[in-house]
Amino acid sequence: MTPRLTEAIGLSALGEPAGPETFAVPAGNFLKSGLPVWLGLYGLNLDFPAFQGHFEGRPVLPALAQTLLAKDLAGRLWPELDRTSAIVSAKFLGLVEPPAVVSVYAQPPAAGPGPGQWRFQLTAARAGGPAGEAAALRLELSGLC
């Protein structure tokens, strides 16, 4: 049985959260693991600060900003996870160009939500276009001791 998204929340850095038509299914075995998955949606317009100067004439969301979106989602769901101990792995698979809706899927460690290695899958869709893969991340998250 394929697990369902156990909670969907709409988050927005700038602009309105996207509607269901922009949802995308992550690639690989992300939803097949049997662990819960949470979804956050971020609407990013050209005036989002991370696009400024990266790159002139063709703005693209930097890899660090994509990583921070993943960390932001985990922190909104579990505020005690206020520290990224390590970026265990990061694959940036496609460009995120404005305006875009970035879907961030978060999966906690096998022990459940809390400190440990979290998996994230990011997809991005431009207005009126299909969603495509943006990034696959594993972050070691913890709280302050």
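The values are calculated or read from the model by the stated rules, or taken from the named source; none is laboratory data. For clarity, every value in this text was computed on a predicted model and none was experimentally measured. So basically every Cβ, Gly included, is an ideal-geometry build from the backbone, and we count neighbours across all protein chains shown.
Quick notes on this one:
- Within segment 74-94, being out of contact with any strand residue (DSSP E or B) (no Cβ under 8 Å at 6 or more places or on another chain) and either within 20 Å of E133 (Cβ to Cβ) or free of Cβ contacts under 8 Å to residues at least 24 places away in the same chain (or both) holds for G75, P79.
- Residues of segment 95-111 satisfying the condition of being in contact (Cβ under 8 Å) with a residue 40 or more places away in the chain and of a type in the set (G, A, S): A100, S103, A106, A110
- Some residue of segment 38-59 being among the aliphatic types (A, V, I, L, M) and within 12 Å of A134 (Cα to Cα): no
- When residues of segment 106-122 are limited to those that are modelled with pLDDT of 90 or more and in contact with a helix residue (DSSP H, G or I) (Cβ under 9 Å, 6 or more places away or on another chain), the one nearest to S142 (Cα to Cα): W118
- Residue list for segment 64-99, restricted to those being buried (at least 17 other Cβ atoms within 10 Å of the Cβ), modelled with pLDDT of 90 or more and among the aliphatic types (A, V, I, L, M): A65, L69, A70, V96
- Search result, residues across segment 115-137 that are in contact with a Ser or Thr (Cβ under 9 Å, 6 or more places away or on another chain) and farther than 14 Å from G94 by Cα: P115, G116, R119, F120
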